[in-house]
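Participant: Before I ask anything, here is the structure I am working with.
No value in this document is a laboratory result; all are computed from the given coordinates. None of these values were measured; they are calculated from a predicted model. Don't worry about glycine lacking a Cβ; one is built from the backbone with ideal geometry, like all the others, and counts go over all protein chains shown.
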Amino acid sequence: MHELGITRSVVAIVAEHANGHKVLSVTLEVGQLSGLLPEAIRFCFDVCSKGTVLEDAQLNIIEPAGRGHCSACGAQTQLSAPLGRCPQCGEPTLQVVAGTELKIKQMETESCA
């Protein structure tokens, strides 16, 4: 399960940027073509955040849809799997342009008083 290693890295990066402040929420963008399972990331997040400034933080996951662009005919296509051929013209020129991302979009911390 590579989600565990990825989630460990996310927790470490967010904790570093929190500068010791309690993290209230984290928003990740996990593309539908990334090969990552959002539910596995949620489970790993709970495990990896124990004993850190992220413990009990809310995890929000946005799942951008996959999109492809055909350089032969210019078609923009929704993708549920990375295809090699354009469904419009059949040419093997379809390039994935969205849906593979993994980004830490936002984090919210407690404010200092």
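Participant: Can you compute 3J(HN,Hα) from phi for each residue in segment 25-31, using the Karplus curve 6.51 cos²θ - 1.76 cosθ + 1.60 with θ = phi - 60°, rounded to whole Hz and x for Gly and Pro?
Facilitator: 7, 9, 10, 10, 10, 10, x
Participant: Here is a follow-up. Evaluate E = 1/(1 + (r/R0)^6) for E63 and H17, where r is the Cβ-Cβ distance and R0 equals 30 Å; express this FRET efficiency to the nearest 0.05. Don't skip to the answer; put the middle values down first.
Facilitator: Numbers: r = 23 Å, r/R0 = 0.77.
Approximately 0.85, to the nearest 0.05.
Participant: Subtract the Cα-Cα distance of E108 and S9 from 0.36 nm times their separation in residues, and report this length gain in nm to one decimal. Kindly include the intermediate steps, with their values, before the conclusion.
Facilitator: Details: separation 99, 0.36 × 99 = 35.64 nm, distance 1.77 nm.
So the chain would gain 33.9 nm between E108 and S9.
Participant: Hey, another quick one. Taking just the alpha carbons, could you work out the radius of gyration and Dmax for the chain, both in angstroms?
Facilitator: Every Cα atom of the chain included, Rg and Dmax give 17.7, 61 Å.
Participant: Per DSSP H run of at least 4 residues, take -39500 (n - 2.57); add these up for the chain, divide by its residues and hand me the 222 nm value, nearest 500 deg cm²/dmol.
Facilitator: -8500 deg cm²/dmol
Participant: Short version: ³J(HN,Hα) in whole Hz for each residue of segment 49-65, in order, from phi by Karplus 6.51 cos²θ - 1.76 cosθ + 1.60 (θ = phi - 60°), x for Gly and Pro, what are they?
Facilitator: Result, rounded to whole Hz: 7, 4, x, 10, 5, 8, 4, 6, 6, 7, 9, 10, 10, 9, 10, x, 6.
Participant: A follow-up question, please. How large is ³J(HN,Hα) for each residue in segment 13-21, as worked out from phi by the Karplus curve 6.51 cos²θ - 1.76 cosθ + 1.60 (θ = phi - 60°), to whole Hz, x for Gly and Pro?
Facilitator: Listing the rounded values in order: 5, 5, 4, 4, 6, 6, 6, x, 7 Hz.
Participant: Let me ask you something else. Within segment 27-50, list the residues whose amide N lies under 18 Å from a label point set 7 Å along Cα→Cβ of T77.
Facilitator: Under 18 Å, as judged by backbone N against the label point of T77, lie 32-34 of segment 27-50.
Participant: Something else now. Could you calculate the contour length gain from R85 to R42, that is, 0.36 nm times the residue separation minus the distance between their Cα atoms, to one decimal place in nm?
Facilitator: Contour length minus Cα-Cα distance gives 12.1 nm.
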